1. Under 8 Å between Cβ atoms, at least 6 apart or on separate chains: pull out the pairs that start in the range 1-26 with a residue that is within 14 Å of Gly102 (Cα to Cα) and open to solvent by less than 60 Å² (accessible area, probe 1.4 Å) and end on any residue that is modelled with pLDDT of 95 or more and among the small types (Gly, Ala, Ser).
2. Of the conditions (1) without any contact (Cβ under 8 Å) to a residue 60 or more places away in the chain; (2) polar (S, T, N, Q); (3) surrounded by 20 or more Cβ atoms within 10 Å (Cβ to Cβ), Ser108 clears all except one; give me its number.
3. Just checking, how many residues over the range 117-166 are more than 20 Å from Glu106 (Cβ to Cβ) and under 10 Å from the mean Cα position of the chain (by Cα)?
4. Among residues belonging to the range 45-55 that are open to solvent by less than 60 Å² (accessible area, probe 1.4 Å) and touching a residue at least 40 places away in the same chain (Cβ under 8 Å), point out the one that is nearest to Ala161 (Cα to Cα).
5. Just checking, how many residues over the range 63-95 are touching a residue at least 40 places away in the same chain (Cβ under 8 Å), in contact with a strand residue (DSSP E or B) (Cβ under 9 Å, 6 or more places away or on another chain) and either in a loop (DSSP other than H, G, I, E, B) or of a type in the set (Val, Ile, Thr) (or both)?
6. Out of all the residues in the range 62-105, which are closer than 19 Å to Ala51 by Cβ and surrounded by fewer than 18 Cβ atoms within 10 Å (Cβ to Cβ)?
Amino acid sequence: MSAAGSGVTTAATPIDNPDAEYLAATTKIDFSGLPDGSSVDVISDDTVFVAFSQTLSKTGPVPDGWATWSSPPFSEDPNPFVLLASAGTLTMEISRPVSIFGFELEPSPFGEFEFTADFYRGDSLIESVSRTVDGFAGARLFAREDGSIDRVVITAPVDFAIAQIRYQLAPIDPALAVLFIAVLVIILALILL
């Protein structure tokens, strides 16, 4: 990514494991309170909404409804609640730009399978993270930071589950803030005239 007019390029950064720094910097969208087996199209913490392109099914905590998960340091918790998804493509539309976004993923069949998460800002691909993940207690984090995104597309060769969906809101663009303030001043001036 290039900062406007500066010629400086900033590389996005994948995050391999949910370490203390990642957990402290992010907010988890907790969907544990949804009824077991419920159909899920959107999850939210009332700050950020994540809409899914396919209806997911909530189950858990592991091992109830899902056989295995990995343990720290590869996952946040070995017994999360999970959302079940079908093979193919799952798109997550994020309601507000985020500078960190991540989720854990594990395939349904036991065995190793390659998954890819493409992180977008609008129509621009910011970063792709590909990982080979084992379906037997092998859940892995798909996460990235540095540069805002608002959509993630997961490409999956088999059915899978996701858990521990986390984010950090992107900082407000200073140019946008100045524009917003200028518009407010103009509106106030017109009202007072």
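The values are calculated or read from the model by the stated rules, or taken from the named source; none is laboratory data. These figures come from a predicted structure and were not determined experimentally. Here Cβ is always computed from backbone atoms with ideal geometry, including for glycine, and neighbour counts include all displayed protein chains. With ligands, DNA and RNA removed, areas are computed over all heavy atoms of the protein, side chains included. Shrake-Rupley method; radii C 1.70, N 1.55, O 1.52, S 1.80 Å.
1. So the pair list comes out as Ile15/Gly102; Ile15/Ala143; Pro18/Ser75; Pro18/Gly102; Pro18/Ala143; Tyr22/Gly102; Tyr22/Ala143; Thr26/Gly102.
2. With respect to (1) without any contact (Cβ under 8 Å) to a residue 60 or more places away in the chain; (2) polar (S, T, N, Q); (3) surrounded by 20 or more Cβ atoms within 10 Å (Cβ to Cβ), Ser108 is out only on (3).
3. 3
4. It comes out as Phe52.
5. So the count comes out to 16.
6. Ser86, Gly88, Thr89, Thr91, Glu93, Ser95, Arg96
Yes/no matrix, rows are residues, columns are (1) modelled with pLDDT of 95 or more; (2) touching an Asp or Glu at 6+ places or on another chain (Cβ under 7 Å); (3) under 25 Å from Ala24 (Cα atoms):
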| site | (1), (2), (3) |
| --- | --- |
| Gln54 | yes, no, no |
| Ser57 | yes, no, no |
| Trp69 | yes, yes, yes |
| Phe81 | yes, no, yes |
| Phe101 | yes, no, yes |
| Pro109 | yes, no, no |
| Leu125 | yes, yes, no |
| Phe142 | yes, no, yes |
| Thr155 | yes, no, no |
